[in-house]
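So the structure is just underneath, and the comments pick up after that.
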Amino acid sequence: MTSEEALLPTTRRALLHRVATAQAEGRTPSLVAAVQRDGRIAWSGARSCVDGHEPDGDTQFRIGSLTKTFTAVLVLRLRDEGLLDLDDPLEKHLPGTDAGQLTVFQLLGHSGGLRAETPAPWWERTPGGTRPELADVLGERPLIHSAGHRHHYSNPGYTLLGSLIERLRGDAWADVLRREILEPLGMERTSPEARAPHAGGWAVHPWADVMLPEPTEDLGLMAPAGQLWSTTTDLLRFAAFLARGDERVLCADSVVEMRAPAAAAEAGDWAGTYGLGLQAVRRGDRTLLGHTGSLPGFLATFWFSVEDDVAAVVLSNATSGPPVATVAADLVQIVADAEPRIPEPWRPLPEVDEELLALTGPWYWGTQVYTLKLTAGGGIELQPMRGVGRAARFRACPDGTWTGLNGYYAGETLRVVRAGDGRVDHLDLGSFVFTREPYEGSAAIPGGVDEDGWRGLAL
């Protein structure tokens, strides 16, 4: 670690204190954590009930539902290759299930209305062979809500996605995962089965300081929902990929797409949403993205903040106890608040289109004033000058128009409309007319402009 990557002693002390407190108060056999900043591991720490046997960044823990994010990435890869559309019904690619009418998008975002769990017995504590077919995973009445109307977390839904991947790739889910995600990202310590060194899973008695070993089952068809083992080092690599994208795995636009809410949050639960295989939570003014996970004997969480470029992973080998999701969020907050991200230096654009430069400056939608600015990468941004109104960024299209990227105008088209003599008459944004002056008389404004012009109040 170079001096530029190191955290301040006070920050490191605060991180260690948070981890030590979580292990002690959560009564877990061991707990390991790590923090990444600017794409590099900046701190790691661990606590254990056995002196001198603390886990480190190479120690595997079972990560449970963090596995779902890996499965979602594989599905997005299929979409990007044109092998499916997210609006496709499952039946189109995986026929013969009782959930064939649900779309790939609904399964990714848990909005298909499927049951949360499989039929009894509890799938996390029984061998995968207990459910050899998808019908055994879904049960007799798999749908309990109307599709697309609400978020309802479903483990069987990700089993269906795993089977979809296998059908379209013609290979086992685990082999596709290794080939398409783990190897390209250098995640050598992430695997479907435990590989030494790894932690053992424990249940800690709620009213006494005694423990019971938890069984470790191969989940069979349920593997895409929760099978994986991993380490803090590997999961930070995965978090860095999800923050930036990696053309070897999934482009930046597709990982950004994973973050958008896929369904409305439950009433009263506005602090968190779910995208496509990614959870999003609000911590004050900060948005954290990642996933939580658990299996008998293990708890896991990773969160990352794109704005702060900070990520944290917390892994524990207890069925319940330490609030690892809260701890991971605290670790991100400690670093981001104590040592805020230093912005990149301002630099001028390498070149500029003179016609595009001429479009910058103030524009009026009726009497509301907006400014149009050029952004890095050849984009433009339209935002209200007085902070009230609909701001948006736009991407250039080959036909000379612009497509909105966010907010109210996401997906809408911005056109530069010229008069007969070639001069710019106005901007058309989804039928809204923006002119250089408020209600400019010479511009083509729907409804026209009163010919007597602006006036005062005659007394």
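A compact table of results
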item	result
DSSP-assigned coil residues among trypsin sites (Lys or Arg not before Pro) in region 390-447, each with at most 12 further Cβ atoms within 10 Å	Arg423
Separation in nanometres of the label points that stand 7 Å from Cα toward Cβ, at Val417 and Cys251	3.1 nm
Loop sites in region 233-278: GluC sites (Glu not before Pro), DSSP, at most 16 other Cβ within 10 Å	Glu247, Glu266
For peptides 344-357, 86-99, 140-153, 220-233, sequence by mean Cβ density within 10 Å, most packed first	220-233, 86-99, 140-153, 344-357
Vicinal HN-Hα couplings computed from phi for region 99-110 (Karplus, 6.51 cos²θ - 1.76 cosθ + 1.60; Hz; Gly/Pro x)	10, x, 7, 6, 8, 4, 4, 5, 5, 4, x, 6
Gained length - Leu357 relative to Asp175, 0.36 nm times residue gap less alpha-carbon distance	60.5 nm
Label-to-label distance, nm, for residues given as Glu183 and Val388 (7 Å Cα→Cβ offset)	5.9 nm
Rounded if a/c under 1.5, otherwise prolate or oblate - region 170-252, Cα gyration tensor axes	prolate
FRET E, pair Ala396, Arg167, Förster distance 41 Å, beta-carbon r, rounded to 0.05	0.60
Estimated FRET transfer efficiency (Val210, Glu451; beta-carbon r; R0 60 Å; 0.05)	0.10
Integer Hz, Karplus 6.51/-1.76/1.60 couplings in order for region 185-201, x for Gly and Pro	8, x, 8, 6, 10, 10, 7, x, 10, 5, 10, 4, x, 9, 7, x, x
Amide H partners (placed H, <5 Å) of Ala264, local residues excluded	His151
Charge sum, other residues only, whose C-beta stays under 11 Å from Gly100's C-beta, Lys/Arg counted +1 and Asp/Glu -1	-2
Cα→Cβ-extended label distance, 7 Å offset, between Val281 and Trp122, nm	2.2 nm
Label selected from (1) 1.03; (2) 0.95; (3) 1.05, the criterion being Rg/Rh (Cα atoms, Kirkwood Rh) as computed here	(3)
Cα gyration tensor shape of region 220-358, rounded if a/c is under 1.5, else prolate or oblate by comparing a/b with b/c	prolate
Around Leu114: net Lys/Arg minus Asp/Glu count, Cβ-Cβ under 11 Å	0
Karplus 3J(HN,Hα) series, Hz, for region 328-333 with 6.51 cos²θ - 1.76 cosθ + 1.60 (x for Gly, Pro)	4, 5, 5, 5, 4, 5
Gyration tensor (alpha-carbon) shape descriptor, region 157-208, a/c threshold 1.5	oblate
Linear extension gain, Thr10 paired with Ala264, 0.36 nm per residue minus alpha-carbon span	87.4 nm
Footprinting exposure proxy for Ser111, Ser44 (fewest neighbouring C-beta atoms within 10 Å first)	Ser44, Ser111
Net lengthening on full extension, Val306/Thr371 (0.36 nm per residue, minus Cα-Cα)	20.8 nm
Which of Ala42, Pro438, Ala338, positive extreme of dipole for the chain (C-beta unit charges)	Ala338
Förster-model FRET efficiency, 35 Å R0, Ala194 and Ala338, C-beta, rounded to 0.05	0.50
Val416, Val324 arranged by Cβ crowding within 10 Å, fewest neighbours leading	Val416, Val324
Alpha carbon centroid spacing (whole Å) that separates region 173-201 from region 425-459	62 Å
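No value in this document is a laboratory result; all are computed from the given coordinates. As the structure is a prediction and not an experimental result, all values here were calculated from the model. Counting neighbours? That spans all protein chains shown, and the Cβs are built from the backbone with ideal geometry, glycine included.
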